[in-house]
Structure formats: C-alpha cells, structure tokens
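*Asks:* Take a look at the following structure, please.
The values are calculated or read from the model by the stated rules, or taken from the named source; none is laboratory data. All of these numbers come straight from a predicted model, not from anything done at the bench. We place every Cβ from the backbone using ideal geometry, glycine too, and count neighbours over all the protein chains shown. These area figures cover heavy atoms from the full protein model, side chains too; ligands, DNA and RNA do not enter into them. Shrake-Rupley method; radii C 1.70, N 1.55, O 1.52, S 1.80 Å.
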Amino acid sequence: KEEAPSPAEKPAESAPAGAQSAAPQGTPYEVKVPLGLPPLPIPEDNPMTVEKIELGKMLYFDKRVSADGSVSCATCHDPNMAWAEHTPTSKGIHGQVGTRNAPTVINAAYATSQFWDGRAKTLEEQALGPVANPIEMGHTIEGMVQTLDGIPQYKELFQKVFGTGVTPENFAKAIAAFERTVLSGNSPYDRYRAGDQNALTEAQKRGLKVFEESGCADCHTPPLFSSYEFYNAGVGMNKEKPDEGRKAVTGKDEDFGKFRVPSLREVANTAPYFHDGSAATLEEAVAVMAAGGIDNPHRSEEFDTVREAKITPEQQKDLVEFLKALSGEFPKVEPPQLP
Ligand code: HEM
Ligand code: HEM
C-alpha cells in the first residue's frame, strides 16, 4: 500500500523557458537521492551545477537580501533547527511577527506546490516571495537585485553561473538549486522498508500499522508522507480571525481554512506544529489528528475515517513513536564565506 505512487514522483512542471540557452555549462552536480526517496524532480530550465548550488547557498545565508540586512532565509529555515525554526510563527525584519509557522526546507523539492496555501508552484517561484514580504525580509525585488549587483563578487558569480548578471530569475534559480540538495531519507522507516526488520522498534511497528489502518496514510502518503492536497483540520478555525488558507489562492468558499498536508519526514525535529504553530509538541499534534481534527463548520470530511477508527491513547503513543522513525539524515550545512 505504501508503494502507491505519490504525486510527487511526477517531475515538477518546469517554469517557462527563458533566455537560458546561452548559459554556460558549469560542473554538473551528481544528485544522490537518499534511501527511500523517489527520483528528484529537477526543472529542465534549471539544471543543477556545483557552482550554482554554491551561489544559492551564499544567497540563502546572506542577510543583505533583506531590506535592513537583518534576516536571511537561514534565520527562519535554520539548518541547525532541521531547516525550520522552533517558534510558532516567524519574526522577520524589525522583529515583526507573521501568522504562519515556517515549514522546513527539507524535501521541499518534492512538494507539488509551495507555502501552506500552495500559492507558489515551484521553488523558483517561491524564492522571491519572502524577499518582498513586508513582514519577512521587507525588501523590493529591484532593491535586492541592486544590492547584490553592487557586490562585485556576486556580479561575477552570477555572470559565471548564468551568463547573465544578477536578475530576480537567476536569484530564484540559484536558491532553488541549493534547496534541492536539502533532502532527508535513510530513516529507520526507510531501512525497514528496504528489508531491515530491526530498524523499527516494536512500538514503531505498531504505530506504522495504526498509521496505515486509521487513514493517516491517505493524506500523509508515503514516501514523502504527504499527498500535497489541501484540507481543513479545524486548526485555528475557532479564532476570532481564522486564516482563510487555500481560499485566498482559489477564491472558493469550499477552500476556506484548508492547508497543504505537511510532509511528516523529520517531523520529530520541527516543533512546533500546524500552519499557525499552535501545537507545541508532537504528542499534541498527533492528538489533534487522531481525533480527526477540531470541529468547525469547514472541517474536511476526509478526517472522518480517522475519527471512526477511534484511536486509543495507547495507539497515539505508538503513532508518536512511529513518526520518530521518519527522522533520517539531512545535510548539516555551515554558513559559507560571503562575498
Ligand atoms: C515558507 C524558503 C525566507 C518564513 C517557505 C517555503 C520555502 C521557503 C521553500 C515553503 C515550504 C513549504 O511550503 O513546505 C525560503 C527562502 C527564503 C526564505 C529560500 C529566503 C529567500 C524566509 C524568512 C522567513 C520565512 C526570512 C521569516 C521571517 C517562512 C514562513 C513560511 C515560509 C512563515 C510559510 C508561509 C506561508 O505558508 O504562507 N520558505 N524562505 N522564510 N517561510 Fe521561508
Ligand atoms: C498536520 C499527523 C491524519 C491532513 C499533521 C501534523 C502531524 C500529523 C504530526 C503536523 C505536522 C506539521 O505541522 O509539520 C497525522 C496523523 C494522522 C493524520 C498521525 C492519523 C491519525 C491526517 C489526515 C489528513 C491530514 C487523514 C487529511 C484528511 C493534515 C493537514 C495538516 C496535518 C491538512 C495541517 C493542518 C494545519 O496546519 O492546519 N498531521 N495526521 N492528516 N495533517 Fe495530519
């Protein structure tokens, strides 16, 4: 059952081809997909090269990308915090607090859309979002390009990697190429699937069974543990001003309060949980899910399967143990020397 192909296995549609044919070759990067993950989708117009990934890594860590030089991507998606952060919602420039929890960048390369509401299609499209978000990096795209263009070494690196100068498109491509190296697999679960019967504890094996038989896997579909579909779990819906979620993207009432199913890989390392960071611990998040979500008029009926399974407190504990088996190996990256 867990071998069912997930939508993530379809290579992502590539962004419209730009004037990239003139780009220099660079050193092809040899993708090593960890055990348990499907082939990595790479857009045709953004091939991975060693030089591009290096550039993307610099940009990822460079605070000069924000308006006042105070935050970088790594501020909110910190490699030392499993490429996420441990606060419910992020603090951006001038200490401004947003309303959503920063998802991990780990395995984002497989998602069929980006952001909790899926408003960006690809990593390339996503990357410019935070730069111009007034609460996150508070810059303008033009301002950011101007800053980078004024740093001779960046100018040179962009020229070398893309054959053109610093452009928003190239900025996004370099960062996306770097993000595609941030993968996690080879977890105890993956080793178990590969035949190592001892890779999971007894509690984890029981938890896996509950996960499969209670409907969790219908939405948190292996191997990425997400179908990347959108549902309303009732989380945050009883607040005074609930986040309208997917509705802001589609305009449809039926999408009110729906959020993209998060991948559960590395989930034990990315507390707090949910789109608003409202569950402080994995135990709490599992309790909400095991109850089939929180009642509200928009709750998705897909949660009924879980509700009908009547998961016991013992089974919840096993589920938590099982989810810990989805923590594998991911890159530990040090901030690079910046130009
Ligand atoms: C979402 C990367 C800067 C906070 C995301 C996602 C990616 C990403 C790939 C989508 C993940 C997913 O949907 O699973 C980046 C990059 C950045 C950057 C490359 C630098 C250019 C920041 C900063 C902050 C931040 C500085 C905090 C101030 C968030 C939040 C979300 C998010 C809160 C979820 C927003 C939503 O769903 O509406 N980021 N990020 N990010 N990031 Fe960042
Ligand atoms: C969120 C586990 C069933 C859809 C989560 C999270 C966990 C989890 C740990 C938090 C992840 C994070 O924030 O990074 C489980 C378990 C399930 C289950 C153990 C079975 C008992 C389901 C089902 C669906 C679903 C059946 C689809 C109908 C979602 C959605 C979220 C989520 C949409 C994000 C909700 C929000 O932030 O508003 N799940 N899940 N889950 N799950 Fe599940």
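*Asks:* Of everything in region 166-192 that's part of a helix (DSSP H, G or I) and touching an Asp or Glu at 6+ places or on another chain (Cβ under 7 Å), which residue is nearest to ligand 2 (Cβ to nearest atom)?
*Replies:* 176
*Asks:* Counting only residues that are assigned to a loop (DSSP other than H, G, I, E, B) and not aliphatic (A, V, I, L, M), how many does region 298-339 have?
*Replies:* Total satisfying the criteria: 15.
For (1) open to solvent by less than 10 Å² (accessible area, probe 1.4 Å); (2) modelled with pLDDT under 95; (3) at positive phi, each residue gets a yes or a no:
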residue	(1), (2), (3)
229	no, no, no
238	no, yes, no
246	no, no, no
252	no, no, no
259	no, no, no
274	no, no, yes
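*Asks:* A further question follows. Please work out if residue 126 is open to solvent by 50 Å² or more (accessible area, probe 1.4 Å) and either out of contact with any Asp or Glu (no Cβ under 7 Å at 6 or more places or on another chain) or within 16 Å of ligand 1 (Cβ to nearest atom) (or both).
*Replies:* Judged against the criteria, residue 126 is not a match.
*Asks:* Which condition from (1) free of Cβ contacts under 8 Å to residues at least 12 places away in the same chain; (2) within 12 Å of ligand 1 (Cβ to nearest atom) is the one that residue 228 breaks?
*Replies:* Checking residue 228 against (1) free of Cβ contacts under 8 Å to residues at least 12 places away in the same chain; (2) within 12 Å of ligand 1 (Cβ to nearest atom), the one that fails is (1).
*Asks:* While we're looking at this one, here's another question. What residue, among those in region 55-89 that are within 14 Å of ligand 2 (Cβ to nearest atom) and among the hydroxyl-bearing types (Ser, Thr, Tyr), is farthest from residue 134 (Cα to Cα)?
*Replies:* Only one residue fits best here, namely 87.
*Asks:* Another question, if that's okay. Can you name every residue in region 237-248 that is in contact with a strand residue (DSSP E or B) (Cβ under 9 Å, 6 or more places away or on another chain) and either within 21 Å of residue 323 (Cα to Cα) or of a type in the set (Gly, Ala, Ser) (or both)?
*Replies:* 245, the sole residue that qualifies.
*Asks:* Shifting gears a bit: Would you check which residues across region 276-290 are open to solvent by 50 Å² or more (accessible area, probe 1.4 Å), near ligand 2 (Cβ under 9 Å from one of its atoms) and in a loop (DSSP other than H, G, I, E, B) and list them?
*Replies:* 278
*Asks:* Condition first: more than 8 Å from ligand 1 (Cβ to nearest atom), hydrophobic (A, V, I, L, M, F, W, C) and part of a helix (DSSP H, G or I). Now tell me which residues in region 75-115 satisfy that.
*Replies:* 81, 109
*Asks:* In the list 173, 160, which residue meets the criterion of being more than 14 Å from residue 73 (Cα to Cα), open to solvent by 30 Å² or more (accessible area, probe 1.4 Å) and more than 11 Å from ligand 1 (Cβ to nearest atom)? Break it down stepwise before answering.
*Replies:* Numbers: 173 fails: open to solvent by 30 Å² or more (accessible area, probe 1.4 Å).
Answer to the check: 160.
*Asks:* Inspect all residues belonging to region 208-216 and state whether any of them is within 16 Å of ligand 2 (Cβ to nearest atom) and part of a loop (DSSP other than H, G, I, E, B). I'd like the intermediate steps shown before the answer.
*Replies:* In the first step, residues of region 208-216 are kept if they are within 16 Å of ligand 2 (Cβ to nearest atom); the result is 208-216.
Subset that is part of a loop (DSSP other than H, G, I, E, B): 214-215.
Yes, region 208-216 contains at least one residue that is within 16 Å of ligand 2 (Cβ to nearest atom) and part of a loop (DSSP other than H, G, I, E, B).
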